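A short worksheet on the structure shown next.
The values are calculated or read from the model by the stated rules, or taken from the named source; none is laboratory data. Being a predicted model, the structure only gives us computed values, none of them experimental. No Cβ is skipped: glycine too gets one built from the backbone with ideal geometry, and neighbour counts run over all protein chains shown. Ligands, DNA and RNA are stripped out before the accessible areas are found, and what is left, the full protein with its side chains, is counted by its heavy atoms. Shrake-Rupley method; radii C 1.70, N 1.55, O 1.52, S 1.80 Å.
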Amino acid sequence: MQLKHAPSRVLMASLLAAPQLASAFYLPGVAPTSYKKDELVPLYVNTIRPVAGSDAMLHSLVSYDYYYPLFQFCRPEGGPQSASESLGSILFGDRIKTSPFELKMAHNETCKTLCEVTYQKGHAMFVNQQIRSGISLNWLVDGLPAGQKIIDEISETEFYNPGFLLGQQFQDSDQVQFNNHYDIIVEYHEVAGSKDQYRVVGVIVQPESRKYTGPVGPDTCNTALDPVILSETGDTKVQFTYSVYWIPSTTAWATRWDKYLHVFDPKIHWFSLVNSAIIVIFLVMTVMSILVRTLKKDIARYNRLDQINLDDLSGTSSALEDGVQEDSGWKLVHGDVFRTPPNPLLLSVFLGNGAQLFVMTGFTIAFALLGFLSPSYRGSLGTFMILLYTVLGFVGGYTSARFYKSLHGEKWKLNIILTPLLVPGIVFATFFLLDLFLWAKQSSGAVPFTTMLVIVLIWFVISVPLSFAGSWLGFRAPAIEPPVRTNQIPRQIPPVTTYLQPIPSMLLVGLLPFGAIFVELYFIMSSIWFSKIYYMFGFLFLCYGLMILTCASVTVLLVYFLLCAENYNWQWRAFLAAGTSAGYIFLNALIYWISKLSMSGFAGSVLYIGYSLLISFLFFILTGSIGFFASWLFVRKIYSSIKID
Ligand SMILES: *[C@@H]1O[C@H](CO)[C@@H](O)[C@H](O)[C@H]1NC(C)=O
């Protein structure tokens, strides 16, 4: 990475360079493969994915299998075979298959013929439509995605962007040309100290549209030809060809991913993050210090009043301060603050799942930061997340049960059952419905039935029993006793001022955690929807920390104000207020939709909204739980530091 020599940016460089470090560990599946000269290097084909069109907007979300019949791409002899893939890789849309291309290590070849295909008008219309909306082919050579070389104009560095276009639009007309020739440029590196051992360190494909008129031989590729236009009124014969060029490179195998992991203007990214971090930390520190000072004063006053009242009783002191003064502030609600909130079952189930999500996210980001989930091991991030969430079912069950018991819940069986089923069930159901949509569209993005089965199996065979075990331990553990007794009769809650009313307070509290992750969210969205490689886990780690900090502190502040206003229904208020940041995430997704995507089909819109809702829902559970746990610790702390007679 271009900044690693600047000493002032050592931290940043180390954050960015994490994947690079990781490749030195040789994880399973990413150990280097060496080839002898002329040895066959397999080229695999992956999903055909929509990318930004010429207007920089995304027009579709429906991806296709490479061998989807309407594309009519050449097949290998005996039909394509599927490569084995990890769970995360399948879930994130990879469908890796064998191909008819023959690449021989360090052996240049020009204009090899693949096959000849006739496009009928129906097929041509489909393909032209796909080219217009922008769609890219994704190939893999030795695990490296075939990319296109792009120059970043700001930093003047070149990098490889995975995928290359199926075709392109003419500059001056509405017609599109279809790419039927591929220049495959493979960079290779001789293993140091060994003879005849070569490794692949870079792959670029330059697609071309070439309308062949005669027989194709090795020299045909030197001549200029007209582009191929698939006719929508008749048949078009298309001959597929490719050339392979092997270029010796000094890039070592361990650093071959660097060119793919390009940060557009890292300086701006870094500065905006540091800016928001400083603002957030400054805000939080200020607010917290004011809160702590106020609380100390409150507690001192309450305890002094207590003393005076005691002295009063024994008749040794004149009552300087009367009871009126004591009847104010958060101490008043001490008999109600630990009263069981409405719907304790749902709250504890959410909290259990929130804890599970919280730990999973933290661990995943930390592992990714250490470089264990580098992009060279396809789908490792997704697989890791799913397995971790499964195993953490134990944490979820325990948290949910322990809280439910402490909230004096009685339907403990329902709690045990709902904890591993409710939230994952909602997620799975949504996912399944969206998948049906993709199935109907014959998109390859649809997760195969067997994978669905595997997920359900993992869920019911590992996660649910672990959650039950956690619940069992949670119910056996002693209930967490509140520091003050709860009165028999609930107090009247006085009406509250405007900003403490549910809706305004939720909107205010939810905004700040969202603000903390806003910048990073943009990059995550573009990596999800524009299938860019995301690897800036250093930034993400900081953002996650900032989000937790803001989420916790603004919710604590809200709870303090609520208690001062003698409103003791803080539990759900804290959860919902913190969870509102998910609403902002959804809103942000809608704005992104309008500004970056221009979906023509109904299916694309449904998918986008569906996935955005799903992500927002999980975020709601996560931030809601963070807000609740912080408030819970806070409330316990302040009520255990005052004396109650
Ligand atoms: C293949 O062709 C390229 C470009 O013409 C050339 O730079 C390279 O050295 C050739 N490689 C081999 C192994 O001949």
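Projected onto the charge dipole of the chain (+1 at Lys/Arg Cβ, -1 at Asp/Glu Cβ, origin at the Cα centre), which of ALA516, TYR160, PRO341 gives the Cα projection farthest towards the positive end?
So the residue furthest toward the plus end is PRO341.
Is the shape of the stretch 439-578 rounded, prolate or oblate, going by the alpha carbon gyration tensor and its root eigenvalues a ≥ b ≥ c, with a/c under 1.5 for rounded and a/b larger than b/c for prolate? Spell out each step's value before the answer.
Numbers: a/c = 2.42, a/b = 1.43, b/c = 1.69.
Because a/c hits 1.5 or more and a/b fails to exceed b/c, the stretch 439-578 counts as oblate.
Amide H to amide H, which residues 5 or more places from GLU187 or on other chains are under 5 Å from it, using H placed in the peptide plane?
Sorted by chain and number, the residues that satisfy this are VAL201, GLY202, VAL203, ILE204, ILE247.
Sticking to Cα atoms, compute the Rg of the chain to one decimal and its Dmax as the biggest Cα-Cα distance, whole number, in Å.
Final numbers for Rg and Dmax: 30.3, 116 Å.
What is the extension gain from LEU370 to SER34, computed as 0.36 nm multiplied by their sequence separation minus the C-alpha to C-alpha distance, in nm to one decimal? Numbers along the way, then the final one.
On the way: separation 336, 0.36 × 336 = 120.96 nm, distance 2.63 nm.
Value of the extension gain: 118.3 nm.
Using only the heavy atoms of the protein chains and a 1.4 Å probe, how would GLU39, GLU410 rank by accessible area, largest first? Let's see the in-between values first.
Working: GLU39 75, GLU410 155 Å².
Descending order: GLU410, GLU39.
Among all cysteines in the chain, which have no other cysteine Cβ under 4.7 Å from their own Cβ?
CYS543, CYS551, CYS564
Please compute the per residue accessible area over the chain with all protein chains in place, 1.4 Å probe, rounded to a whole number of Å².
Using a 1.4 Å probe on heavy atoms only, each residue of the chain averages 47 Å².
At 1.4 Å probe size, put GLU156, GLU109 in order of accessible surface, largest to smallest. All intermediate terms of the calculation are to be shown ahead of the outcome.
On the way: GLU156 155, GLU109 30 Å².
Largest accessible area first, the list is GLU156, GLU109.
Within 14 Å, Cβ to Cβ, of ALA224, how many net charges do the neighbouring residues add up to if Lys/Arg are +1 and Asp/Glu are -1?
Details: positive: ARG210, LYS211; negative: GLU208, ASP219, ASP226.
Taking every Cβ under 14 Å from that of ALA224, the sum is -1.
Can you tell me the dipole magnitude for the chain around its Cα centre, using point charges on the Cβ only (Lys, Arg +1; Asp, Glu -1), in Debye to the nearest 20?
Numbers: 43 positive and 43 negative charges, 270 e Å.
The calculation lands at about 1300 debye.
With the contact rule set at Cα under 8 Å and sequence spacing of 6 or more, what percent relative contact order holds for the chain?
Numbers: 1105 pairs, mean separation 111.9, N = 645.
Taking the mean separation of contacting Cα pairs over the length of the chain, I get 17 percent.
How many percent of the accessible area of the chain is carbon or sulfur, using a 1.4 Å probe? Intermediate results must be reported in sequence, preceding the final value.
Values: 19450 of 30050 Å².
In the chain, the share of accessible area belonging to carbon and sulfur is 65 percent.
Which aspartates and glutamates, if any, have their Cα less than 13 Å from the Cα of LYS211, not counting same-chain residues under 8 positions apart?
Within the straight-line limit of under 13 Å, LYS211 reaches these aspartates and glutamates: GLU116, ASP226.
Can you bin every Cα-Cα distance in the stretch 32-260 into 5 Å intervals starting at zero and give me the percent of pairs per bin, rounded to whole numbers?
It works out to 1, 6, 13, 18, 19, 18, 13, 7, 3, 1, 0, 0, in whole percents.
Give the distance, in whole Å, between the Cα centre of the stretch 337-369 and the Cα centre of the stretch 194-262.
51 Å
Excluding ALA83 itself, calculate the net charge of residues whose Cβ lies under 11 Å from the Cβ of ALA83, where each Lys or Arg counts +1 and each Asp or Glu counts -1. Present the calculation step by step, with values, prior to reporting the outcome.
Values: positive: ARG95, LYS97, ARG378; negative: GLU85, ASP94.
After counting each charged neighbour, the total is +1.
Taking LYS331 as the anchor, which lysines have their alpha carbon closer than 16 Å to its alpha carbon, excluding any fewer than eight residues away along the same chain?
LYS296, LYS297, LYS637, LYS643
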